Every structure is written in structure tokens, then in C-alpha cells.
Amino acid sequence: MPHISFVALSGIRVREAELASLGMSLPGLQSRLAAISALPPLGLLTLAGMTPDHWTMSLHEARSANDDLVHQIVGERPTLVAISALTASILEAYQLASHLRSNDIRVVLGGLHVTAAPDEASLHADAIVVGEGEPVWLELLSDAERGALRPRYKASGAFDLAQAPLPRLDLLGPSTRPRLTMQATRGCPLACDFCAASRLLGPFRCKPALRIREELAAIAKIDPSACIELADDNTFALGGPHDDLLDALGDSGLKWFTEADWRVGENPHVLRRLADSGCVQVLVGIESLVHQHGGMGIKRTSITRIMDAIESIQSTGVIVIGCYIVGSEGETHESIDRLSAFLENDPCADVQLTLQTPFPGTALRQKLQSQGRLLPDRDWSHHTLFDVTHQPSHMSPAELQSAFTSLIARTFAPQASRRRQSKRRHIWRGNSSLTL
Ligand code: SF4
């Protein structure tokens, strides 16, 4: 019987020492990073869901590619190892692949980084998947069984989400997770210049409600009190009422969380139904407060309008995590100080701060590369969202790193975290689907 070992190199990575220790010590930040780190590897679980029954399989979620992991996988004597990694962990994935291949084990790599940098990735694996995995998965497995893997698999068209398999959540084992994941939409019709996720996996598509209902039922069976994180880039991007999705989520009785751009706060139909359908949080990219981010595309507007939209979302009993990117064009010490002061009274009940990061496959990276502004000593392992990887326009890299670290320390200081926590409680008291 052929065996496949799925490997997700998961967890948040931070290279800069002071920031890494802050992440472990500030409760507001620590809990947020822990929640992100514990998200199940939905892409691999989905491929597992379409793997034919005669294959046996195992899942390894690893924070690092250490000797123990290599030993465990080699011990399974797999026909194939499928590794998924983000840019910050891709060098570890390459190293792991090298160890496994030296033990005569075949390795396939896939994911966003591999899709954006296929020539690089193909140097480290027997096969790579460029783009979506589902359309090529059965062919790839069949080739692996015959010992005839091709070096590269790439779908000729976008995957029809009506054919989406049920992810094998059972592979996660009995441990409880703060959140389980489900995808309701794929891609994003917007085109922010720093975003690769929205472009690399094909056009924006919605999963049919019937498939969503089946997935929700499977999740509820595993954990009836699960909170679901929709693994979407921008759930309500197309506007409109979204009744089918909200009906399915509401009927499931599960709580859920998603990402959307601020315009959902101006969609009265969705706002009316959000809380009743079980929504408890929406993550909204505000990007940059002090100067309008050049890469925000059609969601670019005044900060007043964005904050009004956020107040509208929160007035329904759903909290907003406001996401800010630090270090984009024009950022200075003064602008970071102004952001810090703004965040002391900002309406968002939670906040996420990251550094501008030129990921492969983005227009931002192309621009900075053409201007000679990618720092040559920062390899992929620095692309963590918390480490400076480019030459900022008005600061030195060291100044930006230091100002970002101070901003994190102030924003997630105990008193500030307590203020946001009390705001969350206040907002959730108005959520009809929650009992506090
Ligand atoms: S709105 Fe969000 S998901 Fe869409 S392109 Fe911009 S950053 Fe990416």
C-alpha cells in the first residue's frame, strides 16, 4: 500500500531577537500569535481529502525541520512526502527535502512560495506543484506510485470549488484547536501591490453553499463548539447579500471569523445578518493610517470612511481586528509615532501590526527589486512580516526595525491590551449569537 506523509512547517517565525522575546512576553501579542500558529494546514488536509482510499497517510505539523522530524518521516517509509511551507519557512522545507531525498524518499513541494518561485523550488524537490494542487493531485499520486514523477505539475485551468473534497480534519488527531478552518472563497478580485495570495491561485471564486454546508457539518461533528476561521482572502469582496453563505453558517450553529476589506461595513444586508450567522470577528486591512498606501487598489479611501465602516461592523456585535502595515513608502519616525498615538484610542477592538514585506510574486517586490532596494543579506527566512527586508524610503532598515519594535511594545503593553479586551467584551455583549 502506498503511503504519503504530509508535512506542514507551521508557526510564526521572527528573526529579530528583541521582537522575538517581546512576542513571548506581551500577553495580547502572545495570544494572537498562538492562535495563528495553531491554525490547521487546510491546503494539505484538502489534498488528503481527495487522496484515493488505497493510500495510507500521516500528517506532521512541525515548528522546525529538525532531526526528530526527519527520523519520524523516514521511519514511515513513505512513497511520497508532500511539504507545504510559507516563504519564511521555505529554506527549512528545502533542508528537510534534502535530508529525505538523501534517504531515497521522493518529495513534492507546493504552496504560495513554490508557485511564485518555481525555478528555485524545483532545485530542491523531485516534483513541485505550481498553483492550485487539487486539479493535478490524482495524476501526481498515480505518477508517484509508478515511480514516474514529473518535475513540475501545473493545472491548465482554475479548480471548480463545487468539486472541493472534504478536508481530512480527522488527521489533526484528538487535540482541541482554538480554531478550525474552512474555505468559502478563493482569491480576491482586488490587487493590492503587496499581496500575493490574491493572485497566485487563480481568479476569485465562491464555493457553492451545498459544499459549504457539508464541510460545516463535518466540522460540527468533530467539535460542536468549534470556532471556524474562514481561510479566505476577502470573503465579501464582490459585495451583494451573500445570503447562501450566511444561511449556511447560521444554520451550522458554529461561531466564525473571517477576513474582509472595510467595504463590508457599508453593506447593510451583510451587516444585518453577520452576528446572527455566528460571526464574532472580522479582520480588516487598514494598511496605513498616515498616508494612503499606494498599493491599496480600489479599497483606497479616507481613514474617516474606513473607521466609520469599522464602527458599523462593531455596532452589530462583531469585533474588528484592524491590520496595519508599517514601513511602506513615506514611513518616518513621526508617522510611526502618530500611528502609535492613534492606536491608543482607535475604535478597533483588536489590532495586528506587521512590517511591509516584499513577498515573491508581488508587484511590490518587483518594484523594490527594480529600484535595488531589497536587502541582500536578508534571505527568505527573514520574510516573517516582523523583520525588515527592504530599504525603506525615509529611514534606515535598522531605524525602521527599532521603531517597529517600540510600536509593538507600546501597542501590546498590558494596559493597552486590557483596554482592547474590555472593548471586545463590550462589543460581544451586543452579539445575539453569543452568551457571555
Ligand atoms: S484586499 Fe486583501 S486579499 Fe485582496 S488583494 Fe488586497 S490585501 Fe490581498
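Ranked by the mean number of other Cβ atoms within 10 Å per residue, highest first, peptides 31-38, 74-81 order as 74-81, 31-38. For the pair Arg305 and Leu210, label points projected 7 Å from Cα toward Cβ lie 4.0 nm apart.
Amide H contacts of Arg168: Thr46, Ala48, Gly49, each under 5 Å away and 5 or more positions distant or on a separate chain (H built 1.01 Å from N in the peptide plane; Pro and chain starts excluded).
Look at His113, His54, His242, His269 and count the other Cβ atoms within 10 Å of each Cβ; fewest to most, that gives His54, His269, His242, His113.
Need one number: nm distance between label points at Lys154 and Asp119, each 7 Å from Cα along Cα→Cβ, rounded to one decimal. Simple spin-label model gives 1.2 nm for this pair. Simple rule: put +1 on each Lys or Arg Cβ and -1 on each Asp or Glu Cβ in the stretch 82-217, find the dipole, and look at Ser84, Cys188, Ile105; the Cα lying farthest toward the positive end is Cys188. The H on the amide N of Glu259, modeled in the peptide plane, is under 5 Å from the matching H of Asp232, Thr235, Leu283, each at least 5 residues off or on a different chain. For the stretch 179-429, a crude dipole built from +1 on the beta carbon of Lys and Arg and -1 on the beta carbon of Asp and Glu, taken about the Cα centre, is about 340 debye to the nearest 20. Grouping the Cα pair distances of the stretch 93-251 into 5 Å bins from zero gives a pair-distance distribution of 1, 8, 14, 16, 17, 17, 14, 8, 3, 1, 0 percent in increasing distance order. Scattering from the chain was approximated by placing one identical point on each alpha carbon and applying the Debye formula without solvent; log10 I(q)/I(0) at 0.11, 0.12 1/Å stands at -0.89, -1.07. The stretch 167-210 and the stretch 85-162 have Cα centres spaced 19 Å apart. Hey, how many Å between the Cα centroid of the stretch 310-347 and the Cα centroid of the stretch 359-421? Centre-to-centre (Cα) distance: 16 Å.
Equivalent ellipsoid of the stretch 70-153: semi-axes from √(5λ) of the C-alpha gyration tensor, largest first, are 18, 17, 10 Å. Among the cysteines of the chain, Cys188, Cys206, Cys227, Cys279, Cys323, Cys348 have no other cysteine beta carbon within less than 4.7 Å of their own. Taking amide H atoms as placed 1.01 Å from N in the peptide plane, the amide H of Gly317 has no partner under 5 Å among residues 5 or more positions away or on other chains. The Rg/Rh ratio for the stretch 1-101, using Cα coordinates for both the radius of gyration and the Kirkwood hydrodynamic radius, is 1.04. Each Lys and Arg Cβ is given +1 and each Asp and Glu Cβ -1; about its Cα centre, the stretch 110-166 then shows a dipole of about 80 debye. Between Arg425 and Asp247, the contour length at 0.36 nm per residue exceeds the Cα-Cα span by 61.5 nm.
Simple rule: put +1 on each Lys or Arg Cβ and -1 on each Asp or Glu Cβ in the stretch 303-435, find the dipole, and look at Phe404, Val320, His382; the Cα lying farthest toward the positive end is Val320.
Each label point was placed 7 Å from the Cα along the Cα-to-Cβ direction; for Leu434 and Arg410 their separation is 2.8 nm. Note on Gln95/Arg272: beta-carbon distance plugged into 1/(1 + (r/R0)^6) with R0 of 51 Å gives a FRET efficiency of 0.50.
Once the chain from Ser396 to Glu329 is taken as fully extended at 0.36 nm per residue, the excess over their C-alpha distance is 22.9 nm. Of all aspartates and glutamates in the structure, the ones whose alpha carbon falls short of 16 Å from that of Lys221, not counting any fewer than 8 places away in one chain, are Asp170, Asp251. Equivalent ellipsoid of the stretch 346-423: semi-axes from √(5λ) of the C-alpha gyration tensor, largest first, are 29, 13, 10 Å.
From helices alone, the chain scores -11500 deg cm²/dmol at 222 nm; the rule is -39500 (n - 2.57) for each run of n ≥ 4 DSSP H residues, then divide by the residue total. The Cα-based radius of gyration of the stretch 118-180, divided by its Kirkwood radius, gives an Rg/Rh of 1.06. Under 1.5 on a/c is rounded, so check that first for the stretch 290-432, then, if it is not, pick prolate when a/b is larger than b/c and oblate when it is not; a ≥ b ≥ c are the square roots of the alpha carbon gyration tensor eigenvalues. It is prolate, given that a/c is not under 1.5 and a/b is the larger ratio. Placing +1 on each Lys and Arg Cβ and -1 on each Asp and Glu Cβ, with no other charges, gives the chain a dipole about its Cα centre of roughly 640 debye.
Among beta bridges from DSSP that stay inside the chain, the antiparallel ones total about 5%. For His54 and Gln163, a Förster radius of 25 Å and the Cβ-Cβ distance give a FRET efficiency of 0.75, rounded to the nearest 0.05. Shown for Glu331, Glu344, Glu399: other C-beta atoms within 10 Å of each C-beta, ranked fewest to most, produce the order Glu344, Glu399, Glu331. Suppose R0 equals 35 Å; then what is the FRET efficiency for Phe342 and Glu139 from their Cβ-Cβ distance, rounded to the nearest 0.05? Efficiency, from the Cβ-Cβ distance: 0.10.
Computed from the alpha carbon positions, the gyration tensor of the stretch 179-429 leads to an equivalent ellipsoid with semi-axes of 32, 22, 16 Å, biggest first.
Each reported figure results from applying straightforward, stated rules to the coordinates on display, with no laboratory input. All figures in this text were calculated on a predicted structure; none of them were measured in a lab. Here the Cβ is made from the backbone with ideal geometry for all residues, glycine too, and neighbour counts use every protein chain on show.
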